[in-house]
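> One structure follows; several queries about it will come next.
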Amino acid sequence: MSRKKTKQVDTSLRQFIKDLGYISGGTALLATTPWLQSFTPDTAKEIKNEKARIGFIGTGSRGMYNMQAVLAIQHAEIVALCDIYPPNLKQATELCPNAKTYTDYRKLLESPDIDGVIISTPLYLHAPMTLQALDAGKHVYCEKAMALTMEECKAIYEAYQKTNKVLYFCMQRMFDEKYIKGMQMIHSGLIGDIVGERCYWFRNHDWRRPVPSPELERQINWRLYWEYSAGLMTELASHQLEVCCWAMQMVPESVIGTGDIAHWKDGREVYDSVNLVYSYSNGVKINYESLISNKFNGMEDQILGNKGTMNLATGIYYLEEAAGKKRSGIEQLIDQIGNKVYASVPAAGPSWRPETKGSYTPYNILEGEFQVNDGLSMIGALKDGSDEILSAFCQACITGEKGKNIVEEAYLATLLCLLGNQAIAEERKVTFPEEYKIPYMKF
Amino acid sequence: MKDIVISAKRVKKEATILLACFTMAFIINVASIVIYKTSWLEIFTQIGYVIIITLTLYLVVAFIRLIIYLIYRLTKR
């Protein structure tokens, strides 16, 4: 799709909130997106002269992406960097020459000069680092997914309930303008009742990174091994399952699925192809598919309603009624006569005839030009909400105000991913365990 | 080679039938606009469909006339 456009906007959180219509009376907006409640223009004014002192744990590709975003934030400064891989640390030091460097994150956490830490490390390190950082009295921003195991997720969730520190996970779609407005439209009934959710993420990339020496294979290509990663589910699906729950305002109660190494048979352990069906208690399903050996279909988070379809990733929606109206009267008459003729075939009713895709009029969720993420970058995409969530975290480091719903959304999304992997591994239907349910969304 | 002569009466008759078919097709289009509550601009924009329906009706009428003619010829013998 050639709709990839760039909107030149101010990167500040204030402008973001303004774009969302907060200033022109966004009460309804804040009711549906409570995590934005703290970011009023008044708060932005209050912290204008303050800076959050941020330490970076993990300065690899995603860490560098986050660092560049934080450097552009007025109310933050990077004061410390930590990485165990010297080339990454060197690269980060070049970007932030005044920051103190560490090779042991525990030493970084001991520093009293750091308000918050941004953790951009492999998945298996998320839980220990997050828990220790909270224990050390730091505000924490951690990349998704929440953790490698359900036990770790629960431990983080419980630690968060007890701490007065801020905890963010990189659920950047919660700060993506087109997702927020799209959700408002869904919840206002624009596409009717949600009857299905269909998410997919297709890439054609082996997920490998060059390894300077063989002993570093697992350290650098950690995404490919179960010991460090949960594969496609936590790396890609976690964002999309979060969106599904957000749209549905419910959590699926069970999942079935299948996964394989279909193409990249290069010694990796994690699947390169997954297909899952998550079921809500009301019968609605999430169909999830991901494949990293064909990128034709790209990435999409599609919410299907009985009155329309919301393609959140590309920021477009389609209405069922509009599709019907587009045909002229005489074409509709011809269609109706045709339907009657075919329906009279004694072998079957009208349902036997295939309904090929009709022509739908696309409507943009946002007015004007906006950024569409093609989903191909492993690091991150411009204007996908990452900058805004980082800015929100830095602001929260100053105000100390917890971000509503962010941890809960990350917790549930991660658990759904891990349950999906469990369903694939055990080749059975897996239900959401009672002991891991939290008082947030209904099941 | 024998010349085929089409009389003025015949031309007038065929033109009348064609006009009747066009009127019928036009009415179908108007009826569709009313039934499906679409734009009245379709009177002009859907003229292609009207012409196709006109020709289809004309062919159907011609076929019926041919059958009637053949039956008439057979019963006359």
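> Take the alpha carbon atoms of region A:74-102, find their center, do the same for region B:18-37, and report the distance between the two centers in whole angstrom.
Between the Cα centres of region A:74-102 and region B:18-37 lies a distance of 76 Å.
> What is the magnitude of the charge dipole of region A:187-241 about its Cα centre, with +1 placed on the Cβ of each Lys and Arg, -1 on the Cβ of each Asp and Glu, and no other charges, expressed in debye to the nearest 20?
160 debye
> Go ahead and estimate [θ] at 222 nm for chain A from helices alone: -39,500 (n - 2.57) per DSSP H run with n ≥ 4, summed, over the residue count, rounded to 500.
Numbers: 15 runs with 151 residues, N = 443.
Roughly -10000 deg cm²/dmol at 222 nm, from the helical runs in chain A.
> To continue, here is another question. Could you identify which residue out of A:Arg173, A:Arg218, A:Arg327 has the top mean-square fluctuation in a GNM of chain A using Cα springs shorter than 10 Å?
Taking springs between Cα atoms under 10 Å, the residue moving most is A:Arg327.
> What full-extension length gain, to one decimal in nm, is calculated for A:Glu158 and A:Asn339 as 0.36 nm per residue of separation minus the Cα-Cα distance? List each step's numbers first, then the result.
On the way: separation 181, 0.36 × 181 = 65.16 nm, distance 5.86 nm.
Between A:Glu158 and A:Asn339, full extension yields 59.3 nm more.
> At A:Gln249 and A:Lys48, where each label point lies 7 Å from the Cα along Cα→Cβ, what is the point-to-point distance in nanometres?
3.8 nm
> Using r as the Cβ-Cβ distance of B:Phe26 and A:Ser281, and R0 as 60 Å, what FRET efficiency do you calculate, to the nearest 0.05?
0.60
> Continuing with this model, one more query. Taking the Cβ of A:Val274 as the center, what net charge do the other residues with Cβ under 15 Å away carry, scoring Lys and Arg +1 and Asp and Glu -1?
Cβ neighbours under 15 Å give a net charge of -3.
> Another question, then. List the relative contact order of chain A as a percent without decimals, with contacts defined as Cα pairs under 8 Å and 6+ residues apart.
Averaging sequence separation for qualifying contacts and normalising by length gives 22 percent for chain A.
> Compute the distance from the alpha-carbon center of region A:403-438 to that of region A:273-289, in whole Å.
13 Å
> Now for a different question. Given labels modelled 7 Å from the Cα in the Cβ direction, how far is it in nm from A:Gln37 to A:Asn306?
Placing both labels 7 Å beyond Cα along the Cβ direction yields 3.3 nm.
> Right, here's the next one. By DSSP, what percent of the beta bridges with both residues in chain A are antiparallel, rounded to the nearest 5?
Beta bridges within chain A, antiparallel portion: roughly 55 percent.
> If R₀ is 22 angstrom, what is the calculated FRET efficiency for the pair A:His205 and A:Asp260, using the beta carbon separation as r and rounding to 0.05?
Working: r = 17 Å, r/R0 = 0.79.
It comes to 0.80.
> Just list whichever of A:Lys138/A:Lys404; A:Lys90/A:Lys295; A:Lys162/A:Lys437; A:Lys154/A:Lys181; A:Lys154/A:Lys404; A:Lys51/A:Lys178 have alpha carbons separated by over 25 Å in the model shown. Before the final figure, lay out each step's value.
Values: A:Lys138/A:Lys404 18 Å; A:Lys90/A:Lys295 34 Å; A:Lys162/A:Lys437 17 Å; A:Lys154/A:Lys181 31 Å; A:Lys154/A:Lys404 18 Å; A:Lys51/A:Lys178 29 Å.
Pairs exceeding the cut-off: A:Lys90/A:Lys295; A:Lys154/A:Lys181; A:Lys51/A:Lys178.
> On to the next question. Scaled to the compact-protein estimate 2.2 N^0.38 Å, what is the alpha-carbon radius of gyration of region A:183-225, rounded to two decimal places?
Working: Rg = 20.2 Å, N = 43, 2.2 N^0.38 = 9.2 Å.
In units of the globular-protein estimate, region A:183-225 measures up at 2.20.
> With +1 on each Lys and Arg Cβ and -1 on each Asp and Glu Cβ, how big is the dipole of chain A about its Cα centre, in debye rounded to the nearest 20?
On the way: 47 positive and 53 negative charges, 164 e Å.
The dipole magnitude comes to about 780 debye.
> Counting Lys and Arg as +1 and Asp and Glu as -1, what is the net charge of the other residues whose Cβ lies under 12 Å from the Cβ of A:His139?
Every neighbour counted, the sum reads +2.
> Give the calculated FRET efficiency between A:Thr101 and A:Met441 to the nearest 0.05, with a Förster radius of 45 Å applied to their Cβ-Cβ distance.
Values: r = 41 Å, r/R0 = 0.92.
Once rounded, the FRET efficiency stands at 0.60.
> Out of every Cα-Cα pair in the protein assembly as shown, what percent are more than 32 Å apart?
For the protein assembly as shown, the fraction of Cα-Cα distances above 32 Å is 53 percent.
> Suppose the chain between A:Leu71 and A:Tyr85 were pulled fully straight at 0.36 nm per residue; how much longer would it get relative to their current alpha carbon spacing?
Numbers: separation 14, 0.36 × 14 = 5.04 nm, distance 2.18 nm.
Between A:Leu71 and A:Tyr85, full extension yields an extra 2.9 nm.
Taken together, the values in this text are just the output of simple stated rules run on the coordinates, not laboratory data. Predicted, not measured: the structure shown is a model, and the values here were computed from it. Here the Cβ is made from the backbone with ideal geometry for all residues, glycine too, and neighbour counts use every protein chain on show.
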